[in-house]
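The values are calculated or read from the model by the stated rules, or taken from the named source; none is laboratory data. In this text, all values refer to a predicted model and were calculated from it rather than measured experimentally. Cβ coordinates were reconstructed from backbone atoms using ideal geometry, including for glycine residues, and neighbour counts include every protein chain displayed. Side chains are part of the model used for accessible areas, which takes the heavy atoms of the whole protein and leaves out ligands, DNA and RNA. Shrake-Rupley method; radii C 1.70, N 1.55, O 1.52, S 1.80 Å.
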Amino acid sequence: MATDTERRLPLSRERILKAALELADESGIDALTMRRLGLALGYEAMSLYNHVANKDDLLDGMLDLVLAESEPPAPDGDWAEAIRSSASSVHAALRRHPWSCALLMSPGRIRPARLRYMDLLLGRLRRAGFSAETTYHAYHVLDGYIFGFSLWEASHTYTAEEISKFATIFEDVITPDAYPYLHEHGQQHMEDGPHREVSAFEFGLDLVVDGLRKIHESA
């Protein structure tokens, strides 16, 4: 949220987009309105339209900022590490801005940076030696995993109050007698241990990349 000093600064597209990003991260994309954004910046909502054409233009600009936080696959070096590193950077950006994943996948929200990333990933797979047919599937698996996991992760973000309610339901419904393995899994969510030191996203990504390595080696 803008401080008193920041509110006295003149408006610019960059400043508006940055404030909108912070507001969406803090309260969710549904809470983002031009009126609320103007209030955060210390201006009337109508003043914002001197720098953004409309709400759609604002959302597109916000998505461009999110996409700028990720890196495409490096053109040189080990292809698998390049793809793995790029996928991790995309997931990290989506995780910092949980609202952005669904928005990026909605019709009409294909941004130039997204298209560039898609083309560079496809190109990296082809130059690594994968056939066009294998690249077709490999790309979908990689992109589907990155966005699918990010969507799943965003849907499993809860408040302290919600977590407390889940814990009560867990103890009452998911008993060790009725669901022994699910109960064991649920306990892991509530306890510290070695499993906490491993990123679930990285664990799954390694499985995907290792699978691609085997296909590459066999070819």
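Data for the structure
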{"item": "Residues of the chain: accessible area per residue with a 1.4 Å probe, Å²", "result": "61 Å²"}
{"item": "Ordering of 76-88, 15-27 by packing [mean C-beta count within 10 Å, highest first]", "result": "15-27, 76-88"}
{"item": "The range 97-219: C-alpha gyration tensor shape, a/c 1.5 cut-off, then a/b vs b/c", "result": "oblate"}
{"item": "Segments 130-141, 192-203 sorted - mean Cβ within 10 Å per residue, highest first", "result": "130-141, 192-203"}
{"item": "Burial order of peptide ranges 158-168, 45-55 (average beta-carbon count within 10 Å, highest first)", "result": "45-55, 158-168"}
{"item": "Protein accessible area in the range 95-174, 1.4 Å probe - carbon and sulfur %", "result": "62 percent"}
{"item": "Average Cα contact separation per residue, the chain, under 8 Å, 6 or more apart, as relative contact order %", "result": "16 percent"}
{"item": "Residues of type lysines that residue 18 reaches as a straight line, Cα spacing below 24 Å, ignoring anything fewer than 8 places off in the same chain", "result": "55"}
{"item": "Cα-derived Rg to Rh of the range 39-117, Kirkwood definition", "result": "1.10"}
{"item": "The chain, Rg to Rh (Cα coordinates; Rh as Kirkwood inverse mean 1/r)", "result": "1.06"}
{"item": "For residue 172, solvent-accessible area (1.4 Å; no DNA, RNA or ligand), Å²", "result": "110 Å²"}
{"item": "Ellipsoid semi-axes in whole angstrom, largest first, where each is sqrt(5λ) of the Cα gyration tensor of the range 1-83", "result": "31, 13, 12"}
{"item": "When the convex hull of its Cα atoms is projected in every direction, mean area for the range 77-150 (nm²)", "result": "5.0 nm²"}
{"item": "Cα centroid separation - the range 83-131 against the range 19-67, whole Å", "result": "23 Å"}
